[in-house]
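Okay, structure first, notes after.
The values are calculated or read from the model by the stated rules, or taken from the named source; none is laboratory data. Small disclaimer: the values here were computed from a predicted structure and weren't measured. So basically every Cβ, Gly included, is an ideal-geometry build from the backbone, and we count neighbours across all protein chains shown. Only protein heavy atoms, including side chains, enter the accessible area calculation; ligands, DNA and RNA are left aside. Shrake-Rupley method; radii C 1.70, N 1.55, O 1.52, S 1.80 Å.
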Amino acid sequence: MSEPPHVETEPWERVQEWAETAFDSPIVTVRSVNAVYENPAFLEQFRPLMPDGIEQTPRAIFTTALSFSRAPPGDETTEKVLGIAAKYASREFRKSLGEDGLLHVQQTGSKDLRLRGRRTAKAFQYDAGYPLSGGALEIPGRTPELSVRVWAAIWPTPDSFAMAGGIYPLEDLATVVERVGGATDVTVEAQPGGDRREVLERIREAAE
């Protein structure tokens, strides 16, 4: 199986990589190799607020290489069946976000994303709650939520598909802390416009 797409732009650094069976049925098995990229400075700052079971910060990038146990039928190419693959991927990705610990995950949009070289990816937008450590916010026993947005995109490769995307905050951490009556020295300011542009650019980079 091929490696997941690469992101080389600073300050992003690959911090995780793993392979798994993404989907299994009598008809087809889908395997994935995944990578997560973090900004080391942000990871160090935010780590104390991450509860057990959450492995990525709310400002991270991911890439995925997909492989299938059987090729598309007949003379269908991966580019021709991108629409079908995208419908499956959007549904399964929403499910995986919940399995990764995000709360109240909802798909809130989709678009065709222009890639470099006049290619196109199918991109999906999700909104969710990122759980925070109540103990770290001095409210033990509670699980505050930071509103976040996730983008994920899928595009065809010569013999399969690949994906990339990212997550970013939609509200300041201070807003959450005030809402729940907690306290922390950590500062996270929402920059949804800039973060969106950054995620989409990293998707384009991964698809090169």
Subset of segment 189-208, residues open to solvent by 60 Å² or more (accessible area, probe 1.4 Å) and not in a helix (DSSP H, G or I), comes to Glu189, Gln191, Glu208
Note to self: It is to be established whether one or more residues within segment 130-143 are over 25 Å from Ser67 (Cβ atoms), among the β-branched types (Val, Ile, Thr) and surrounded by 13 or more Cβ atoms within 10 Å (Cβ to Cβ).
What the structure shows: yes
If we keep only residues of segment 91-122 that are open to solvent by less than 50 Å² (accessible area, probe 1.4 Å) and assigned to a strand (DSSP E or B), then the residue farthest from Trp155 (Cα to Cα) is Val105
Of the conditions (1) out of contact with any Gly (no Cβ under 7 Å at 6 or more places or on another chain); (2) closer than 30 Å to Arg119 by Cα; (3) among the hydrophobic types (A, V, I, L, M, F, W, C); (4) open to solvent by less than 20 Å² (accessible area, probe 1.4 Å), the single one that Val176 does not satisfy is (2)
Margin query: Is it the case, given these coordinates, that Tyr88 is within 17 Å of the chain's Cα centre (by Cα), assigned to a strand (DSSP E or B) and not acidic (Asp, Glu)?
Written below: no
Val186: passes all of (1) assigned to a helix (DSSP H, G or I); (2) over 18 Å from Arg116 (Cα atoms) but (1)
In the set Pro158, Pro169, the lone residue that is at pLDDT below 95 and closer than 20 Å to Thr63 by Cα is Pro158
Given the conditions (1) in a helix (DSSP H, G or I); (2) touching a strand residue (DSSP E or B) at 6+ places or on another chain (Cβ under 7 Å); (3) among the small types (Gly, Ala, Ser), every one holds for Ala174 apart from (2)
Only unsatisfied item for Trp151, checking (1) open to solvent by less than 60 Å² (accessible area, probe 1.4 Å); (2) more than 22 Å from Thr78 (Cα to Cα); (3) not in a loop (DSSP other than H, G, I, E, B), is (2)
Going through segment 46-78 in order, the residues found to be more than 26 Å from Arg197 (Cβ to Cβ), modelled with pLDDT of 80 or more and not in a helix (DSSP H, G or I) are Pro51, Asp52, Gly53, Ser67
